[in-house]
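Peer 1: Handing you a structure now.
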Amino acid sequence: MGFHVSKACALVALAISAAAYAQVYPSKPIRMIVAYPPGGGTDIVGRMVAQKLSEALGQSVVVENRGGASGNIGTEIAARAAPDGYTVLMGNVAPNAINVSLFRNLPFDPVADFSPISLVASTPNILVVHPATPARTVREVVALARAKPGTLNFASAGVGSSSHLAGELFRVLAGADIVHVPYKGAGPAMVDILSAQVQLYFATMPAAMPHVKSGKLVPIAVTSSRRSRAMPELPTIAESGVAGYEASTWYGLLAPAHTPGATVARLNEGILKILGDAALREKLADQGFEPVGDSPEEFAAYIKSEIAKWGKVIRDARIQAE
């Protein structure tokens, strides 16, 4: 009998310590991995969220940029981290939904290796051109591409990035012979379009907005199905004559698989709280982000639907990772 009592006591103690752990989480700083170099959309939204989440959780959330391999390096680091809630990933449509159809040997499984927390924000990409490029509308871009096939280059943040697939979708649906030039992240791609090394870029809106406002880049159209609240005067690519065109970039918070449910719930609660903050919503909107916020279950279902959608685009356009 004594044995059973002591066993029961041990189980109770274990349950109490687990409950205590859930209450004290987080008890130390949290590392937020951004799988891209500084300056791109994932980095911008990651830093905004990290700052507000630090306040909501009472512990600092520190952004760590681990760029390279189309987001795969940083995403794998996050997938392999201890599932204790002290490493999270600011995920992105590319490594978390696109790359599984693009790379033969992806070093992580975008579904099995992660515990989704919440979709944070989405943004249309925006087709921008260098002012030296003689096109100011989608129709003019298509006409130029057809008149001089293979001479218009479009930059991307890397093979399989949202900026790459947005360009491939445009090439296929518009019948425009444009050439893909991949970079190691949005920052380097932006540098080269600003210096006219490339002519087109389907940039994320947050990365493009400052350069559009300063007149260094010319905005042509947005890639989403609806016009953006950040730039309502800008038409969509679909309404500009490329029927059926739609591509958006999204960002969401994920933890390694097997992170305790209570920890995921605490992080989800923190994200929903900060996304309800009017000041943060306004700041996100000013940069071209549409704040979202949902449940871990809804985010998990959305990731699966995006994997299916982009898998079809990749097969239809016959895209392969280099």
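Peer 1: For the range 115-132, which residues satisfy the criterion of being over 21 Å from ARG227 (Cβ atoms) and open to solvent by less than 10 Å² (accessible area, probe 1.4 Å)?
Peer 2: ILE117, SER118, VAL120, listed by residue number.
Peer 1: Additional query: Looking only at residues in the range 237-259 that are at negative phi and open to solvent by 50 Å² or more (accessible area, probe 1.4 Å), which one is modelled with the lowest pLDDT? Spell out the reasoning first.
Peer 2: Within the range 237-259, the first condition is being at negative phi, and the residues that meet it are 237-240, 242-243, 245-257, 259.
Then keep just the ones that are open to solvent by 50 Å² or more (accessible area, probe 1.4 Å); that gives 239, 243, 246.
Details: GLU239: 96, ALA243: 94, GLU246: 87.
By that ranking, first place goes to GLU246.
Peer 1: Would you please name the residue that is most open to solvent (accessible area, probe 1.4 Å), looking only at residues in the range 22-52 that are of a type outside the set (D, E, K, R) and more than 30 Å from TYR201 (Cβ to Cβ)?
Peer 2: Within the range 22-52, the first condition is being of a type outside the set (D, E, K, R), and the residues that meet it are 22-27, 29-30, 32-42, 44-46, 48-51.
Those left that are additionally more than 30 Å from TYR201 (Cβ to Cβ): 22-27, 29-30.
Details: ALA22: 40, GLN23: 151, VAL24: 85, TYR25: 5, PRO26: 11, SER27: 77, PRO29: 72, ILE30: 4 Å².
This residue is GLN23.
Peer 1: Right, next: Considering only residues of the range 209-236 that are farther than 21 Å from ARG139 by Cα and aliphatic (A, V, I, L, M), which is surrounded by the most Cβ atoms within 10 Å (Cβ to Cβ)?
Peer 2: That would be MET209.
Peer 1: Further, regarding this structure: Search the range 191-208 for residues being of a type outside the set (Val, Ile, Thr) and open to solvent by 20 Å² or more (accessible area, probe 1.4 Å), and hand back the single one that is nearest to LEU152 (Cα to Cα).
Peer 2: Of all residues in the range 191-208, those of a type outside the set (Val, Ile, Thr) come to 192, 194-197, 199-203, 205-208.
Next, from what is left, pick out any that are open to solvent by 20 Å² or more (accessible area, probe 1.4 Å): 192, 194-197, 199.
Values: ASP192: 14, LEU194: 15, SER195: 15, ALA196: 11, GLN197: 11, GLN199: 6 Å.
Filtering first and then ranking leaves GLN199.
Peer 1: Looking at GLY150, GLY158, GLY187, GLY167, which is the one that is surrounded by fewer than 24 Cβ atoms within 10 Å (Cβ to Cβ) and either under 30 Å from ILE307 (Cβ atoms) or in contact (Cβ under 8 Å) with a residue 40 or more places away in the chain (or both)?
Peer 2: Numbers: GLY150 fails: either under 30 Å from ILE307 (Cβ atoms) or in contact (Cβ under 8 Å) with a residue 40 or more places away in the chain (or both); GLY158 fails: surrounded by fewer than 24 Cβ atoms within 10 Å (Cβ to Cβ); GLY167 fails: surrounded by fewer than 24 Cβ atoms within 10 Å (Cβ to Cβ).
Of the residues listed, the single one that is surrounded by fewer than 24 Cβ atoms within 10 Å (Cβ to Cβ) and either under 30 Å from ILE307 (Cβ atoms) or in contact (Cβ under 8 Å) with a residue 40 or more places away in the chain (or both) is GLY187.
Peer 1: Continuing with this model, one more query. Find the residue count for the range 171-184, including only residues that are touching a Phe, Trp or Tyr at 6+ places or on another chain (Cβ under 7 Å) and in contact (Cβ under 8 Å) with a residue 40 or more places away in the chain.
Peer 2: 1
Peer 1: Continuing with this model, one more query. Could you grab me the full set of residues in the range 117-172 that are closer than 30 Å to TYR86 by Cβ and modelled with pLDDT under 95?
Peer 2: The first filter runs over the range 117-172 and keeps only residues closer than 30 Å to TYR86 by Cβ, leaving 117-123, 157-158, 160-162.
Passing the criteria: SER122, THR123, ALA157, GLY158, GLY160, SER161, SER162.
Peer 1: When only residues in the range 301-315 that are of a type outside the set (D, E, K, R) and closer than 11 Å to ASN96 by Cβ count, which is most open to solvent (accessible area, probe 1.4 Å)? Step through it out loud before you land on a result.
Peer 2: So in the range 301-315, the residues of a type outside the set (D, E, K, R) come out as 301-303, 305, 307-308, 310-311, 313-314.
The next check asks that each one be closer than 11 Å to ASN96 by Cβ; those that pass are 302-303, 307, 310.
Details: TYR302: 72, ILE303: 5, ILE307: 36, TRP310: 7 Å².
Filtering the range 301-315 for residues that are of a type outside the set (D, E, K, R) and closer than 11 Å to ASN96 by Cβ, the one most open to solvent (accessible area, probe 1.4 Å) comes out as TYR302.
Peer 1: For the range 170-184, which positions are open to solvent by less than 40 Å² (accessible area, probe 1.4 Å) and assigned to a helix (DSSP H, G or I)?
Peer 2: PHE170, ALA174
Peer 1: In the range 18-44, what residues are at pLDDT below 95 and of a type in the set (Val, Ile, Thr)?
Peer 2: Listed by number, the residues that qualify are VAL24, THR42, ILE44.
Peer 1: Then there's this: Can you tell me which residue is surrounded by the most Cβ atoms within 10 Å (Cβ to Cβ) among those in the range 80-91 that are under 19 Å from TRP250 (Cα atoms) and in contact with a Pro (Cβ under 9 Å, 6 or more places away or on another chain)? First the steps, then the outcome.
Peer 2: Our first condition is that a residue be under 19 Å from TRP250 (Cα atoms); within the range 80-91, this holds for 88-91.
Retained after the next criterion (residues that are in contact with a Pro (Cβ under 9 Å, 6 or more places away or on another chain)): 88-89, 91.
Working: VAL88: 27, LEU89: 29, GLY91: 31.
The extreme case among them is GLY91.
The values are calculated or read from the model by the stated rules, or taken from the named source; none is laboratory data. Small disclaimer: the values here were computed from a predicted structure and weren't measured. Glycine gets a Cβ as well: all are built from the backbone with ideal geometry, and neighbour counts include every protein chain shown. Heads up: the accessible areas ignore ligands, DNA and RNA and are worked out on the full protein's heavy atoms, side chains in. Shrake-Rupley method; radii C 1.70, N 1.55, O 1.52, S 1.80 Å.
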